[in-house]
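Structure first, then comments.
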Amino acid sequence: MYKIGMIGERDSVLGFMALGFAVHEANDVEAAQQLLHRLVRTEEYAVIFITEQYAMQMEDAISQYKDRPLPAIVSIPGKEGSVGFGMNNIRSAVERAVGADVLFRD
Amino acid sequence: MAQLRVNPTRMEMKRLQTRYQTARKGHKLLKDKRDELMRQFLDIVREDKALRIKVEASLADYYASFGIASAVTGPQMMETALICPKKEGELDVVYKNLMSVTVPEFRLQVRTDGSRDSYNYGMAFTSGELDLSLAALGTVMEDMIRMAELEKRAQLLAEEIERTRRRVNALEHILMPQYLEAIKTIKMKLDENERGNITRLMKVKDMMLQAQLRGKREDEEEEDLTE
C-alpha cells in the first residue's frame, strides 16, 4: 500500500488533508525540494503532487525521478491558479518522444 | 564514415552477409515497435491532456469555494477542522507491461473509520461552504490519480520511444551501410584477385605455347640441316 503525497504552500494544500492525502507543507522552494527528496527516499509514496508554483522552480529535482516507475510526480495548480506548467510537461514529453510538438500545434 | 576493416576472404564475406541480414530483420522489428509505442503514447497523451484540463478547472473551482469557506469560518477553525482526517487515501500499485515498458497502475482505496459521514469535523463551528468545497474536491480525487498514472506512463513511454528511435537510426544509418560497404569491398577485392589469376593463367599459357612453337621450329631447322 502506497501513500499519496502532497507538497505545497499551506493555503493550497490544506483541503487535501480532508481527503486523506499525506500533506506536507513547504514555505519555500528549498523546503519543498528537500521534502520531495525525503518522500521519494522513503519509497512509501506512489504519487506525489506538487503545486505548480514550487514545481516550476524545482524542475531539476523532479526530472531526476522521471524515468523511474515510481513515484509519479505530478504538478497541479495551486490556489493562485494554473500557470500552465503541468501542460508544458505533457508537451515536453511529446516533444521528447515524437521529436516535434504534434499535440498542441493548433 | 568510418569503414569496417575486414579480411577480403569469402568466409568473412559470408559472415558479414549473415550479420547484415540479422541487422535488417532487427531494424524492421524495432521500427514496428517504435510505431506501436508511438501510437499508444499518443493515445495516453491525448487522454492525459483532456483530463488535465478537466482537473485544473475543477481545482480552480475548489480553490475559489475553499477561499470563501475559510473566509466564513476563519483560519484557526479551518485548521482544527481539517487537521486530523477520518479518511486515509491509499494506493494499490499494480505493474503492467506496456510494450516491454513497466508502467504502474494505481488503484485508489479510501479507508474510513467506519462512521457514516466522511467529514472529520462537527457541523457547529464550520460553515456549509466548507462541506461543499470538500465534496467538490472529493470528486476530483479519482481524476487526479488517473492523471498521475497517465502522466507517469507518458514519461516512461517517451523515454522508451527515444531509445528505440535511436536504435533504429543507428541500424539504419550506420551499421547497415557499414556492412554493405564492407561486403562490397570484399567482393571487389575478390573479383580483382580472380581477374589477376585469369590474366596470369593466360600469360602462362601463352608462354608455354611460344615455348612449344620455338621447340618445333628448332626441330624443323635441324631436319633441314641434316637433309
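Coordinate-derived values only; no laboratory data. On a predicted model such as this, the values are computed, not experimentally measured, just so you know. Counting neighbours? That spans all protein chains shown, and the Cβs are built from the backbone with ideal geometry, glycine included.
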Order by neighbour count: B:V72, A:V74, fewest other Cβ atoms within 10 Å first, most last. B:V72, A:V74
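At a 10 Å Cβ-Cβ cut-off, how would you order B:F106, A:F21, fewest neighbours first?
Ranking B:F106, A:F21 by Cβ neighbours within 10 Å, fewest first, gives B:F106, A:F21.
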Against the longest principal axis of chain B, how steep is helix B:10-73, in degrees 0 to 90 to the nearest 10, with axes from Cα atoms? 10 degrees
Pop the C-beta distance of B:L213 and B:T9 into the FRET formula with R0 = 35 Å and round what comes out to the nearest 0.05. 0.35
From the convex hull of the Cα coordinates of the protein assembly as shown, what is the mean projected area in square nanometres? 25.9 nm²
To the nearest 0.05, how large is the calculated FRET efficiency for A:R96 and B:K25 if R₀ is 25 Å and r is the Cβ-Cβ distance? 0.35
Acute angle (nearest 10 degrees) that the helix A:85-98 long axis makes with the longest principal axis of chain A, alpha-carbon atoms: 40 degrees
Paramagnetic reach from B:D43 (point 7 Å along Cα→Cβ, amide N under 13 Å) across the range B:55-99: B:98-99
Under 19 Å from a point placed 7 Å out from the Cα of A:V83 along the Cα-to-Cβ direction: which residues of the range A:30-54 have their backbone N that close? A:30-36, A:49-54
In the range A:3-98, how does Rg compare with the Kirkwood Rh, expressed as the Rg/Rh ratio over alpha carbon atoms? 0.95
Cα-based reach from B:K54 at 25 Å (exclusive), listing lysines while leaving out same-chain residues under 8 positions away: A:K3, A:K66, A:K79, B:K87, B:K152
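Sequence gap at least 6, Cα distance under 8 Å: using those rules, report the relative contact order of chain A to the nearest whole percent.
24 percent
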Taking the Cα atoms only, what angle lies between the long axis of helix B:128-170 and the longest principal axis of chain B, rounded to 10 degrees? 10 degrees
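Need the full-extension length gain, B:I83 to B:N193, defined as separation in residues times 0.36 nm minus the C-alpha distance. One decimal, nm.
Details: separation 110, 0.36 × 110 = 39.60 nm, distance 8.86 nm.
The span from B:I83 to B:N193 would gain 30.7 nm if fully extended.
When the chain is fully extended, how far beyond the present Cα-Cα distance does B:A64 get from B:L108, taking 0.36 nm per residue of separation? Spell out each step's value before the answer.
Details: separation 44, 0.36 × 44 = 15.84 nm, distance 2.58 nm.
Gain on extension, B:A64 to B:L108, equals 13.3 nm.
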